[in-house]
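No lab work stands behind these numbers, since they all come straight from the coordinates. On a predicted model such as this, the values are computed, not experimentally measured, just so you know. Here the Cβ positions follow ideal geometry from the backbone for every residue, glycine too, while neighbour counts run over all protein chains shown.
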Amino acid sequence: MVNSHLKYESKQLATWYFTFAAIIFGAQLLFGLVAATQYVMPGFLFEIVDFSVARMIHINALIVWMVFAMIGSVYWLLPDETGIETVGIGLGKVLFWAFAASIVVVVLVYLIVQVGPADETSLWLIHEGREYIEAPRWADIAIVVVVLGFIYNLYATGMKGNRSGIVTVLMADMLAFAGIYLAGMGYTDNISVDQFWWWWVIHLWVEATWEVFVGSLAAYGLITMIGAHRKVVEMWLWIEVAMLFGSGILGMGHHYFWIGTPEYWWEIGALFSALEPLPLVAMFIHVLYDWGKMQGEESAKGLETSVIANKPAFTWFVLNAIGNFLGAGVWGFFHTFPQVNLYTHGTQFTSAHGHLAFFGAYATLLIGMFYLAVQGKNGIKIMNATKKSIWATSMIFGGVLGMTAALTLSGYVQVLVSRAQWGATWEGYFAGQASIWFTQGMDWRLIMGVVTFLGFFVLIADLLSIGKATHHKR
Amino acid sequence: MAKKSVWSDNRFWQRSAGWVTGFASMLLIWLTFDTIPQIMLGSDEDLQQGVTKRVPGPTVINYKITYEMDTKRGHEIPVIGGANAEGRSSFQEKETFFGRDDWSEEEAAGLLHLGKLGSQTKNCMNCHTLLGNGAYYAPDLTKAWLDPAWGPNGPMQAMTGKNTKEEAMAEFLQFPSQYPTHARMMPNLGITPEEAKGLVAFLKHMSSIDTNGFPRNFGKIEGAVHGK
Amino acid sequence: MIGEILMTQDIGVDEFLPLFIASTLVLVFGGFYVGIYTAVKVKLLKNWAMPFSYLFWILTAYCLYLMGSYMHVNDFTAKALVVAALGILILPHAVYYMQDRVHEENEH
């Protein structure tokens, strides 16, 4: 790292995390394409890399690259926020390699061993077969150790340096993030109890702690990129925390409609998940407000220049506000009430929501962080977009929107045919799958998936080359 | 300078966030304490004494299970051992499972344990949905045990050439690619005869869980509100 | 509320499409409402746009009503939906008020 402009080792470590995250992001897209192809051509890689294997890697890679990029983001912003080098940076480096190596082993086992006999050993060594948290138990323990080490670094740094509001939120949030993971490590013969705790992990991650993480990161981004006032941003962050946790924690109810849990979850789930879009709307206003105010102040001084210090990153941050609102908000809201969810639960609607929400709420912001890291590493004052950044952004965002639209169409057919008319039986399921609208939806999903994948390569090319472009202000 | 108001005080919002989060968490924990006992596995004694549990004990595999509309609750519920006068489980009518209807609590629990483990190690959930959760590449298994396709007149049972639902399901699970129903096939997952038995027990048990009426109109193609 | 029948009747096959559209539009119109309101307040848009923001709120409330009727909601849920509509109305006002207050105090 001879040419690096990074003064802090913490930021260098962050770039490692970002690099590994980007690679896993690629793997996620690749295996997503395999699974999408199998919907169109069922014989594709049959009994070689079956849908179950491809999808397991698709969704596990999703979680893993995001966790990597999230840890990287914290290492990136810590020196800026606390004003000091991260404490325990050596530990951070060791943990990085341990984590990365574990992930590689886990994925290779998924690919090569795939399934094991029905015994506890398979759960310990191969996978646990529970969507999103399939990682075998040895890896669960490794993940807990790695995350505990990361949290130690975060706490030690936050307590030694200047503990800003953003750092305070992150400290609380990351502790909850790690603690919740423990709820998903057990085994039980009772599938209702199993799914009850499984949702503690999945829901309290993606609809509570991860969203708060996104709020903190967006706050950091607004301060660094457009010079928003810390006091305003941090106050707003606390309001977001209140709104996100206030609606998100009990929004859990919408996963407890049909897994054997009592009926009162209907009311709780409906009420709190109806509130869940509000913080997302609020986050959107917040970005708009700060941008408008800061640009307004700049114009008042007679300056015509934009206040944005990193155009590509800011674009992704704005797409985050939009994507979060669309994916988590709109696509979540229209099937969240139990009366509707009775028919939509477990159809491609869920899949449409999952794609746009994970992408809109998390991928966008983390890609924005990649751009911030490139800017910092190259010592650029104002980083402008290149043709490649614009292409990458349009292809990826357009591709995911396209996939979501296609999956929504397919889901609609499934609701009507398989659910409302055929009552969710085996025959009803395949009647829905055979509908021309459904199959066309799947074709379009694959096409849009390819667009997204190509966009990913443009993104990587841009991240590798944008730092050397000459139109930035250094 | 504008007057300092509580609405623009960082500490006020920090505390509010703390209180809201704490309150929501406590409520969730309290509800968890209420819910978990309600969804614990029942026992054989419950079944024999006619106690309805949301998640019945493993010996439910000895009983006949159906899925009937409950007018009071406004949705379908699993009915175990035939219906009583109110349309609820009467726990009377038995049904053989692999030739027996006297599986002991220990034996049944063993089968369920094997089946649940198998459902995880064979990665069912990354193609199928269980209780509506999982992947959408293959049919929902929540009430698969009650699926007419596997019933005495159903095409699936006929295809395997077996005489009972459980034997047909077990046969299919062991040799899925020998019985292709659609271009999209289930792959061979190396399921042993014993594991297949466990998995079918797991499916039968899952169909007896009270899922608040999910899925709606299951298996009622003729009688469904919008039935074809 | 608890114990009352929530699924009063099945959603008709021809009701799903308008239901999904209505519930999508709730948030789309709601987003326009708060978006335009905030944009006018921070002077990204001119003042004449303000009535449109309230127009979008009316559309939001109407779509909530449509959504509720297609879902055949019970009385309790219907009341909750009315509260939701009012909540959306107040939200951007409260948010803007608070942000502006803290901005003022820190700027001058």
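At 0.36 nm per residue, minus the direct Cα-Cα distance, what do A:SER299 and A:ARG474 gain on full extension? Give it in nm, one decimal, please. Walk me through the numbers on the way to the answer.
Values: separation 175, 0.36 × 175 = 63.00 nm, distance 2.26 nm.
Roughly 60.7 nm would be gained on extension.
Dividing the mean sequence gap of close Cα pairs (under 8 Å, 6+ apart) by how many residues region A:1-187 holds gives a relative contact order of 24 percent.
The shape of region A:142-267 comes out oblate: with a ≥ b ≥ c from the C-alpha gyration tensor, a/c is at least 1.5 while a/b does not beat b/c. Helix B:193-207 sits at what angle to the longest principal axis of chain B, using alpha carbons and giving 0 to 90 degrees rounded to 10? Around 50 degrees separate the two axes. Each of A:VAL74, A:VAL94, B:VAL6 has some number of other Cβ atoms within 10 Å of its Cβ, and from fewest to most they run B:VAL6, A:VAL94, A:VAL74.
Counting only DSSP H runs of at least 4 residues, each contributing -39500 (n - 2.57), and dividing by the residue count of the protein assembly as shown, the helix-based mean residue ellipticity at 222 nm comes to -21000 deg cm²/dmol.
How would you rank B:PHE91, A:PHE359, going from fewest to most other Cβ atoms within 10 Å of each one's own Cβ? Each step should come with its number before you reach the end.
Numbers: B:PHE91 22, A:PHE359 26.
Ascending Cβ contact count within 10 Å gives the list B:PHE91, A:PHE359.
For chain B, with a Gaussian network of springs between Cα atoms less than 10 Å apart, report the residue from B:THR71, B:THR32, B:THR59 with the top mean-square fluctuation. The residue with the greatest mean-square fluctuation here is B:THR32. The distance between label points at C:LYS79 and B:PHE33 comes to 2.8 nm (points 7 Å beyond Cα on the Cα→Cβ vector).
Using the Cβ-Cβ distance between A:ILE382 and B:TYR179 with R0 set to 56 Å, the FRET efficiency works out to roughly 0.30. Under the classification rounded if a/c is under 1.5, otherwise prolate if a/b is larger than b/c and oblate if not, where does region A:1-187 fall, given a ≥ b ≥ c as square roots of the Cα gyration tensor eigenvalues? Prolate, because a/c is 1.5 or more and a/b exceeds b/c. Other residues within the sphere of radius under 12 Å centred on the Cβ of A:TYR362, judged by their own Cβ, net out at -2 (K and R +1, D and E -1). The angle between the Cα long axis of helix A:230-251 and the main principal axis of chain A comes to about 10°, on a 0 to 90 degree scale.
Between B:ASP44, B:ASP101, B:ASP34, the Gaussian network model of chain B with springs among Cα atoms under 10 angstrom shows the greatest mean-square fluctuation at B:ASP34. Mean-square fluctuations from a GNM of chain B, with a 10 angstrom spring cutoff on Cα atoms, peak among B:SER89, B:SER177, B:SER207 at B:SER177. For B:ASN188 and A:ALA434, what does the FRET efficiency come to when R0 = 35 Å and r is the distance between their Cβ atoms, rounded to the nearest 0.05? Computed FRET efficiency for B:ASN188 and A:ALA434 comes out at 0.90.
Residue by residue through region A:353-358, which ³J(HN,Hα) values in whole Hz follow from phi under the Karplus form 6.51 cos²θ - 1.76 cosθ + 1.60 (θ = phi - 60°), with glycine and proline marked x? Each residue's phi maps through the Karplus curve to give 4, x, 4, 6, 6, 4 Hz. Modelled label positions at C:ALA94 and B:LYS72, each set 7 Å beyond Cα in the direction of Cβ, lie 4.0 nm from each other. Relative to the longest principal axis of the Cα atoms of chain B, the long axis of helix B:10-38 makes an angle of roughly 30 degrees. Each Cα pair under 8 Å and six or more residues apart adds its sequence gap; the mean of these over the residue count of chain A is a relative contact order of 14 percent. Per-residue Cβ neighbour counts within 10 Å put A:HIS58, A:HIS471 in the sequence A:HIS471, A:HIS58, beginning with the fewest. Model label points for A:LEU108 and A:THR121, set 7 angstrom from Cα along the Cα-to-Cβ axis, are 2.0 nm apart. Computed over chain A, the Cα gyration tensor eigenvalues convert (square root of 5λ each) into semi-axes of 35, 25, 24 Å, ordered from largest to smallest. Taking θ as phi - 60° and the Karplus parameters 6.51, -1.76 and 1.60, the scalar couplings of region C:88-94 work out to 5, 4, 7, 2, x, 4, 4 Hz in sequence order, x denoting glycine and proline. A Förster radius of 41 Å, combined with the Cβ-Cβ distance separating A:ILE447 from C:GLU15, puts the computed FRET efficiency at roughly 0.85.
In order along region B:117-133, the Karplus-derived 3J(HN,Hα) couplings, from 6.51 cos²θ - 1.76 cosθ + 1.60 at θ = phi - 60°, round to 4, x, 4, 7, 6, 8, 6, 3, 5, 8, 10, 8, 10, 10, 6, x, 10 Hz, and Gly and Pro are given as x. Amide H contacts of B:ILE65 (H built 1.01 Å from N, in plane; Pro and chain starts excluded): B:GLY81 sit under 5 Å, all sequence-distant by 5 or more or on other chains.
Mean sequence separation of contacting Cα pairs (under 8 Å, at least six apart), scaled by the length of chain B, corresponds to a relative contact order of 18 percent.
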